[in-house]
Amino acid sequence: VALSFDRVSVRFHRGGTSAGLQDLDLKISAGEKVVISGPSGAGKSTLLHLAAGFLEPDQGAVRIDGQLPPGAAGVAWVGQRPWLFHGSVRENLTLAAPQAQERTLWAALEYADLAEVVRSMPEGMATPLGEEGHGLSGGQASRLALARALLAGAPLLLLDEPTAGLDPDSAQRVLKALERLADGKRSIVMVAHDAAAQRSGERQLVIEQGRLVEDRRA
Ligand code: ADP
Ligand code: ADP
């Protein structure tokens, strides 16, 4: 889907200072993969929250395909600590796609580089972030969230620092899985600090103090 911000402002007032986003004009085309960076507190998460429909702008409008409100077309969200259901890997996938066939579930696991992990689990299916040391690692949990997004078929994928806190190897696996999901149809917007994640975007935006200060294509 296409995502447009039309002169969007959001203000948070705290102790006399205001922060948020100011007068954001931005068009993201359907199928584009965009990476957003900038200092902490610049307004990057705020932009993602607006795109997801978690937050309403004070001014301006955020639109999907020029007319729909955010969220109307289906959004998948992957944060630093992905929200997984309390249950097995399988349950996490089937809750997202109840109709999916076995073959499709495994294809999604392959996509997310998790098939090996799941095959090596005692009962074939791991418990995400489980106790007793046999849960998924942070990187694996992020990749499971990506597999779920793939199965759910959400046309817009929003990622808030999905590789933060992961070791370089693990972060690389997450970026690889994300690359496989970037099929040119699904629109992807990712906030990222690390250089590797930033390089993975075909379009790179920089936000500083609530303003878009850079917009370049790789
Ligand atoms: P970034 O993701 O770039 O680190 P954020 O978008 O999270 O920045 O935040 C931008 C600014 O808005 C920060 O100063 C932050 O403290 C403030 N802010 C964000 N969300 C809220 C909120 N719900 N209430 C008050 N202030 C907020
Ligand atoms: P990987 O390289 O396999 O992706 P990570 O670097 O993400 O692994 O995680 C390293 C270790 O930290 C893992 O063994 C995992 O058990 C643990 N871990 C990471 N995130 C979490 C979490 N949210 N809850 C519990 N354990 C975690």
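Compared with the dominant principal axis of the Cα atoms in the chain, helix 138-152 is inclined by about 80°.
Rounded to the nearest 5, what is the percent of antiparallel bridges among the DSSP beta bridges in the chain? Within the chain, antiparallel bridges account for around 55 percent of the total.
Cross-link partners of LYS176 among lysines, defined as those whose alpha carbon lies under 23 angstrom from its own and excluding same-chain residues fewer than eight positions apart: LYS33, LYS44, LYS185. Put a plus charge on the Cβ of each Lys and Arg, a minus charge on the Cβ of each Asp and Glu, and nothing anywhere else: the dipole of the range 58-112 about its Cα centre is then about 60 debye.
Of the two radii for the chain, the radius of gyration is 0.99 times the Kirkwood radius, both from the alpha carbons; that is the Rg over Rh value. Per residue, the convex hull spanned by the alpha carbons of the range 133-183 comes to 79 Å³. A simple spin-label model places pseudo-atoms 7 Å from Cα toward Cβ; at GLU179 and ARG119 they are separated by 2.2 nm.
Around the Cα centre of the chain, unit charges on the Cβ atoms of Lys, Arg, Asp and Glu (plus for the first two, minus for the last two) sum to a dipole of about 400 debye. Put the Cα centre of the range 143-218 next to the Cα centre of the range 12-54 and the gap is 15 Å.
Within a Cβ distance under 15 Å of GLY138, other residues only, what is the Lys/Arg minus Asp/Glu net charge? Please list the in-between numbers first.
Values: positive: ARG81, ARG143, ARG173; negative: ASP113, ASP160, GLU161, ASP167, ASP169, ASP194.
Net local charge, GLY138 excluded: -3.
Ranked by the mean number of other Cβ atoms within 10 Å of their residues, highest first, the peptides 207-215, 76-84, 149-157 fall in the order 149-157, 76-84, 207-215. Ordering TYR111, LEU24, GLY74 by the projection of their Cα atoms onto the charge dipole of the range 1-151, which places +1 on the Cβ of Lys and Arg and -1 on the Cβ of Asp and Glu, puts LEU24 at the extreme positive end. Packing, as the average of other Cβ atoms within 10 Å across residues, places the peptides 101-107, 55-61, 188-194 in the order 188-194, 55-61, 101-107, highest first. Ligands, DNA and RNA excluded, the heavy atoms of PHE54 present near 130 Å² of accessible surface to a 1.4 Å solvent probe. Measuring r between the beta carbons of VAL213 and HIS193 and using R0 = 22 Å, the FRET efficiency lands at 0.85. Note on the range 166-218: with neighbouring protein chains present and a 1.4 Å probe, carbon and sulfur make up 45 percent of its accessible heavy-atom surface. Listed values for the range 41-54 are Karplus-derived 3J(HN,Hα) couplings in whole Hz (6.51 cos²θ - 1.76 cosθ + 1.60, θ = phi - 60°), namely x, 6, x, 5, 5, 4, 4, 5, 4, 5, 5, 7, x, 6, and x replaces Gly and Pro.
Compared with the dominant principal axis of the Cα atoms in the chain, helix 102-111 is inclined by about 60°. Scalar couplings 3J(HN,Hα) for the range 62-77, obtained by applying the Karplus form with A = 6.51, B = -1.76, C = 1.60 to θ = phi - 60°, are 10, 9, 9, 6, x, 9, 6, x, x, x, 5, 9, x, 10, 10, 10 Hz; x denotes Gly and Pro. Hey, quick one: spin label on ARG7, modelled 7 Å out along Cα-Cβ, who in the range 197-218 has an amide N within reach, i.e. under 16 Å? Taking a point 7 Å out along Cα→Cβ of ARG7, no residue of the range 197-218 has its backbone N under 16 Å. A convex hull fitted around the alpha carbon atoms of the range 10-74 yields 97 Å³ per residue. Taking each DSSP H run with n ≥ 4 as -39500 (n - 2.57) and averaging over every residue of the chain yields -8500 deg cm²/dmol at 222 nm. Per residue, the accessible area of the range 23-179 comes to 48 Å², computed with a 1.4 Å probe over protein heavy atoms only. Report, in degrees rounded to the nearest 10, the 0 to 90 angle that the Cα long axis of helix 168-181 makes with the longest principal axis of the chain. Helix 168-181 sits at roughly 80 degrees to that axis. Amide H contacts under 5 Å for VAL191: ILE36, LEU159, ASP160, GLU161, restricted to partners 5 or more places along the chain or on a different chain, H placed in the peptide plane at 1.01 Å from N.
The values are calculated or read from the model by the stated rules, or taken from the named source; none is laboratory data. These figures come from a predicted structure and were not determined experimentally. Glycine gets a Cβ as well: all are built from the backbone with ideal geometry, and neighbour counts include every protein chain shown. To get the accessible areas, we keep the full protein, side chains included, count just its heavy atoms, and leave off ligands, DNA and RNA. Shrake-Rupley method; radii C 1.70, N 1.55, O 1.52, S 1.80 Å.
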